[in-house]
1. How are the C-alpha pair distances of segment 4-155 spread across 10 Å bins, as whole percents from the shortest bin up?
2. Label points 7 Å out from Cα along the Cβ direction at Thr132 and Ser144: separation in nm?
3. So if we plug the beta-carbon distance of Asp18 and Lys122 into 1/(1 + (r/R0)^6) with R0 = 35 Å, what FRET efficiency do we get, rounded to 0.05?
4. Determine the dipole magnitude for segment 4-155: charges of +1 sit on the beta-carbon of Lys and Arg, -1 on that of Asp and Glu, nothing else is charged, the reference point is the Cα centre, and the result goes in debye to the nearest 20.
5. Which cross-chain or sequence-distant (5 or more) residues have an amide H under 5 Å from the amide H of Ile119, H modelled 1.01 Å from N in plane?
6. Measuring from the lowest to the highest alpha carbon on each principal axis, how far does segment 36-84 reach, largest first, in angstroms?
7. Of Ser91, Thr60, Asn145, whose Cα points farthest to the positive end of the dipole of segment 4-155 (charges on the beta-carbon: +1 Lys, Arg; -1 Asp, Glu; origin at the Cα centre)?
8. Would you mind checking Lys55/Lys111; Lys76/Lys138; Lys2/Lys54; Lys22/Lys93 for any pair whose Cα atoms are more than 30 angstrom apart?
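Here, each number is a calculation from the coordinates, and none is a lab measurement. Only a predicted model underlies this, so the values are computations on that prediction, with no experimental measurement involved. In this analysis, Cβ positions are derived from the backbone assuming ideal geometry, glycine residues included, and neighbour counts consider all displayed protein chains.
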Amino acid sequence: MKIQPFIEKLESSKEFEDFEHKYKDSFLVAGFFILDYETGQELHQIDYYLPSEKKVAAFTMDEKITLQVLETMNEKVPERLDVRTNIDLESIKGILQDEMKNRSITEDIKKIIAVVQTINGKKIWVLNCVLTGMEILKAHVEDSNKIVLKMERSSIMDYIKKMPALEQVKGQGQGSEKDLAEQIKKLDKLKSELKKQRMAVSKKQEEADE
């Protein structure tokens, strides 16, 4: 499924009607999705920027529509996102797997954290994937042509050190690699941390493109 049906569902809801009445200057900036291939659970989130408050309104679309207003990571105004995408959520895994084969990466994809946004006028999918073998795969895919612009693999240990909730677990005497790896299973319950991670990824991409 492409992101447009999610946005159409959201914008026809009473929740969005109330939101739009309050924030008349808001505009669409990103889609944020978690695809868990082990549990089959998914998270679908649509983000709007609030120029008057310099914040992001994040609508979670699962079970019921819920709204959270989040602080931004920097003062730069994000670019508007066109609702029409060439890549759908179901095709992301296949695009990554094809490029992984070209790079002789043999691990399986267990989970994908996907963000679609506009960066320097181009619609980009920023993807962070949990792989088998205790590794993280990071990739950027251009939506218009489905080309993988960059791909890199890193240790999951380096990745989780950046997440405060998991660092706290480490500080409580459960800091072995095995114990920390078990905490990855709790990522779905750490939505606020994942949203912070999404914003951090966006900031890094903006800095890399400057």
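1. Calculated P(r), rounded to whole percents: 10, 38, 34, 15, 3, 0.
2. 3.8
3. The calculated FRET efficiency here is 0.60.
4. It comes to approximately 440 debye.
5. Under 5 Å from the amide H of Ile119 lie the amide H atoms of Ile124, each far enough along the sequence or on another chain.
6. Dimensions of segment 36-84 along the principal axes of its Cα atoms: 38, 22, 19 Å.
7. Asn145
8. Result: Lys22/Lys93 exceed 30 Å.
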